[in-house]
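A quick write-up on the structure given underneath.
Every number in this text was worked out from the coordinates using simple rules, so none of it is lab data. These figures come from a predicted structure and were not determined experimentally. Don't worry about glycine lacking a Cβ; one is built from the backbone with ideal geometry, like all the others, and counts go over all protein chains shown.
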Amino acid sequence: MLRRSQLEALRLAVFDRQRTVYAVLDGNKIDKLAERLYASDAEYACLFSGKLVPLLEASAPYIVRLNPQGRFAASVLCEGWRRRWGILLHTRENLPMHELREHLRGFLRLVTPDGQAKCFRYFDPCAFKREVPNLSESERRAFFEPIKGAWVQGPTSSSALYFDRHGPHGRLLELAAPAAAYRLERIA
């Protein structure tokens, strides 16, 4: 569980510089995600298209625009961070959700070196940390095209990794450090 100071450090890191922030949340990890979103004040959309059967709707990934002062954003940072609900994305300023949704939909499948197609669950922080470092430079640049960076939980719940198009490895932020000592570091 994040202490108040760690939660504040995470909030400040994610919402710095008035960036547009989206969460891509994994319905498999969040009980009644679709219902929670419907009842929230957040702008959201399912990454899957069309009318979904209830079981698929319940486990589908959703993109959510986070308002720094919103209740849903607070829930994502407080409860969702430690439970690895999904990933947080910084995008270019005022990127419309429908544009980001279409972009992200293009990455729901990846092809393995042996030619097999499989679901790319980049919205699962563990899959993100495992797969993004293995993307080629051109694949990474394509994925991050409208995305400035992505935050995922680090090795512990009191740390974060920030990935961007400039390198395959995330930069580590320890959330327990005093505010004046925060800095991002590349890790191998």
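Below are the figures for this structure:
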{"item": "Centroid-to-centroid separation of the range 113-139 and the range 1-38 [C-alpha atoms, Å]", "result": "22"}
{"item": "Proximal lysines to residue 129, defined as alpha-carbon separation beneath 18 angstrom and excluding residues fewer than eight positions away on the same chain", "result": "29, 118, 148"}
{"item": "Computed magnitude of the charge dipole of the chain (debye, nearest 20; Cβ of K, R +1, Cβ of D, E -1)", "result": "260"}
{"item": "Cβ-placed point charges (K, R +1; D, E -1), dipole of the range 1-51 about Cα centre in debye, nearest 20", "result": "140"}
{"item": "Answer label for percent of Cα pairs over 21 Å apart (calculated), chosen among [x] 72; [y] 54; [z] 48", "result": "[z]"}
{"item": "Loop-located GluC sites (Glu not before Pro) in the range 70-129, at most 16 other Cβ atoms within 10 Å (DSSP)", "result": "93"}
{"item": "DSSP-loop trypsin sites (Lys or Arg not before Pro) across the range 37-81, with at most 12 other Cβ within 10 angstrom", "result": "51"}
